[in-house]
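*Asks:* My structure is below; once you've seen it, I'll send some questions.
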Amino acid sequence: GENVEQHPSTLSVQEGDSAVIKCTYSDSASNYFPWYKQELGKRPQLIIDIRSNVGEKKDQRIAVTLNKTAKHFSLHITETQPEDSAVYFCAARHTGNQFYFGTGTSLTVIP
Amino acid sequence: DTEVTQTPKHLVMGMTNKKSLKCEQHMGHRAMYWYKQKAKKPPELMFVYSYEKLSINESVPSRFSPECPNSSLLNLHLHALQPEDSALYLCASSQDRAVETQYFGPGTRLLVL
């Protein structure tokens, strides 16, 4: 099956700086890559996703890049704010209904 | 409407109790999931239903028993749980297509005493 690795496990940045979280996957058949943000005590919420036929996608301060050849994808958050503090999970999906999650990154934005 | 609902929000049960968690979605999704999540860990897949048929059953203990009465409803029956089963139980749903995301319910916070 698919194996998704995520780094770093914890990340602290100053408010206004950028944050980058990286994931690698093992199965070249994976073709859909969502990112979820989970605040303490709440559900994971989709913040951005990318499909395998696209190399980059942006939504305001959030962007995701995908390198299919190297089998890695990254989340970029610019101009970070304290409310960006949360745990972020990457995931991969290919044929079938199973989503494979990374181990999570705990992001802290220091005011 | 991208909403998945779950009841109850919180549940405390003893090791001899029987209880059920409920999940509902009205997005027309044909795949529904149960996950178990410990603090700051990723969701851990327990069961997947696709078109109301169980398609993946991980090595989940038999004290957890899923039920999918119809395409909008998913239940998780709990019996004789252990304290280590205390966790957040998340339901999710998605389209049965590989390039679609899944939407999570708010979860049930379960404490087993």
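*Asks:* Among the residues of region A:82-105, is any in contact with a strand residue (DSSP E or B) (Cβ under 6 Å, 6 or more places away or on another chain) and without any contact (Cβ under 8 Å) to a residue 12 or more places away in the chain?
*Replies:* Yes, because at least one residue in region A:82-105 is in contact with a strand residue (DSSP E or B) (Cβ under 6 Å, 6 or more places away or on another chain) and without any contact (Cβ under 8 Å) to a residue 12 or more places away in the chain.
*Asks:* Restricting attention to region A:24-45, does a residue exist that is free of Cβ contacts under 8 Å to residues at least 40 places away in the same chain and crowded, with 18+ Cβ neighbours inside 10 Å?
*Replies:* yes
Conditions (1) within 12 Å of chain A (Cβ to nearest Cβ); (2) at pLDDT 90 or above; (3) surrounded by 17 or more Cβ atoms within 10 Å (Cβ to Cβ); (4) in a loop (DSSP other than H, G, I, E, B), marked per residue:
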site: B:Q6; (1), (2), (3), (4): yes, yes, yes, no
site: B:S20; (1), (2), (3), (4): no, yes, no, no
site: B:S55; (1), (2), (3), (4): yes, no, no, no
site: B:S65; (1), (2), (3), (4): no, yes, no, no
site: B:S93; (1), (2), (3), (4): yes, yes, yes, no
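*Asks:* Could you run through region B:22-37 and say how many residues are surrounded by 13 or more Cβ atoms within 10 Å (Cβ to Cβ) and small (G, A, S)? Walk me through how you get there before you give the answer.
*Replies:* Of the residues in region B:22-37, the ones surrounded by 13 or more Cβ atoms within 10 Å (Cβ to Cβ) are B:22-25, B:27, B:29-37.
Imposing the further condition that a residue be small (G, A, S) reduces the set to B:31.
The qualifying residues number 1.
*Asks:* Kindly indicate which of B:P69, B:P61 is surrounded by fewer than 15 Cβ atoms within 10 Å (Cβ to Cβ) and within 14 Å of B:C23 (Cα to Cα). Let's see the steps before the verdict.
*Replies:* Details: B:P61 fails: within 14 Å of B:C23 (Cα to Cα).
Just a single option satisfies the conditions, and that option is B:P69.
*Asks:* Away from chain A (no Cβ under 14 Å), modelled with pLDDT under 95 and part of a strand (DSSP E or B): is that true of B:P69 in this structure?
*Replies:* Values: away from chain A (no Cβ under 14 Å): yes; modelled with pLDDT under 95: yes; part of a strand (DSSP E or B): yes.
So B:P69 passes the test.
*Asks:* Next question. State the number of residues belonging to region A:81-111 that are more than 7 Å from every other protein chain (Cβ to nearest Cβ) and buried (at least 18 other Cβ atoms within 10 Å of the Cβ).
*Replies:* Looking only at that region, the number is 11.
*Asks:* OK, next. Scan the strands (runs of 3 or more DSSP E) fully inside region A:13-69 and keep the ones with 1 or more residues being away from every other protein chain (no Cβ under 14 Å) and of a type in the set (D, E, K, R).
*Replies:* On the way: elements: A:19-25, A:32-38, A:45-51, A:56-59, A:62-67.
Where strands (runs of 3 or more DSSP E) fall fully within region A:13-69 and carry at least 1 residues being away from every other protein chain (no Cβ under 14 Å) and of a type in the set (D, E, K, R), they are A:19-25, A:56-59.
*Asks:* Of A:A92, A:A19, A:A86, which residue is more than 27 Å from B:A87 (Cα to Cα) and small (G, A, S)?
*Replies:* Working: A:A92 fails: more than 27 Å from B:A87 (Cα to Cα); A:A86 fails: more than 27 Å from B:A87 (Cα to Cα).
Checking each option against the conditions leaves just A:A19.
*Asks:* OK, next. Could you tell me whether any residue of region B:38-52 is surrounded by fewer than 19 Cβ atoms within 10 Å (Cβ to Cβ), closer than 26 Å to A:S106 by Cα and of a type in the set (G, A, S)?
*Replies:* Looking through region B:38-52, at least one residue is surrounded by fewer than 19 Cβ atoms within 10 Å (Cβ to Cβ), closer than 26 Å to A:S106 by Cα and of a type in the set (G, A, S).
The values are calculated or read from the model by the stated rules, or taken from the named source; none is laboratory data. What you see is a predicted model; the values in this text were computed from it and never measured. Methodologically, a virtual Cβ is constructed for each residue, glycine included, from the backbone with ideal geometry; neighbour enumeration extends over all protein chains shown.
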